[in-house]
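Working notes for the structure below.
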């Protein structure tokens, strides 16, 4: 009885170590997925605040302003419009420069005109798309000028593209490293039972019969590792959301659930595929080759 226990303890230790190793890799992979989702949301938020400003003529009427608003509502790329009267523009400018410079005292008149701040949809947050939207607006007689910060738009898009490419590269690298680490971990668990495989071959067991328990065990290991990683990820996300309010604003629990499901499925699939390759390898080896 003691001898059997002596053999079970190393086997249990090997499986536990392999499961925890896979869980750690899946945890890191899940964190990378959460970072990608957060970066996407931040990117969308930045793009949703991009657009242009329409400046009206000094003699513009309320009906003229309504005509421009109606035209903007019909444009598919426009997400939101905010109208500011000349007094509102003056107040905003005064708050920006402070009370030391009173433009009313200097000019005896409000030099600002009414304006509409237009925010576009994220898909239209580029110089070319904004130019297509502003072209017909500039031809309207009520409009004196359309301001587009072209350099800023291009700079923001270039930065966002660089960040997106970096995240894609990191995700691919993590996925590759994760597969290699999990594959090697599963291979070690199969290696520990390689003589069992050889013994089963000697008594006439078929390859599929020998392979089945290894696939089942590693599929369960992947499931357990995915569940452990998911619990750790939920705890990390919950702690981050309670510790920092900005993080809480980026969290959508539907996406969190999707990532957790993906982590579990990924763990099971990678463990299953690694077990298939590892089991097939030792099924082909002779007795002497098993010592190498």
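The values are calculated or read from the model by the stated rules, or taken from the named source; none is laboratory data. If you're wondering where the values come from, they're calculated on a predicted model, not measured in any experiment. Positions of Cβ are backbone-derived with ideal geometry, glycine not excepted, and every protein chain shown enters the neighbour counts.
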Selection within segment 190-223 - surrounded by 20 or more Cβ atoms within 10 Å (Cβ to Cβ) and either on the phi > 0 side of the Ramachandran plot or within 33 Å of the chain's Cα centre (by Cα) (or both): 218, 221, 222
Those residues of segment 134-172 which are part of a loop (DSSP other than H, G, I, E, B) and modelled with pLDDT of 80 or more, in sequence order: 139, 140, 141, 142, 148
Scan of segment 130-179 for residues that are surrounded by 12 or more Cβ atoms within 10 Å (Cβ to Cβ) and within 30 Å of residue 276 (Cβ to Cβ), ordered by number: 170, 171, 174, 175, 177, 178, 179
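With segment 27-125 as the region, which helices (runs of 4 or more DSSP H) entirely inside it contain at least 1 residues that are exposed (fewer than 15 other Cβ atoms within 10 Å of the Cβ), at pLDDT 80 or above and not assigned by TED's automatic domain parsing to the domain that holds residue 267?
62-73, 86-97
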Residue in segment 226-246 that is over 35 Å from the mean Cα position of the chain (by Cα) and either in contact (Cβ under 8 Å) with a residue 12 or more places away in the chain or not in a helix (DSSP H, G or I) (or both) present: no
Some residue of segment 143-162 being more than 30 Å from residue 35 (Cα to Cα) and without any contact (Cβ under 8 Å) to a residue 60 or more places away in the chain: no
Test for residue 131: is it at pLDDT 75 or above, in the same structural domain as residue 118 (by TED's automatic domain parsing) and not in a helix (DSSP H, G or I): no
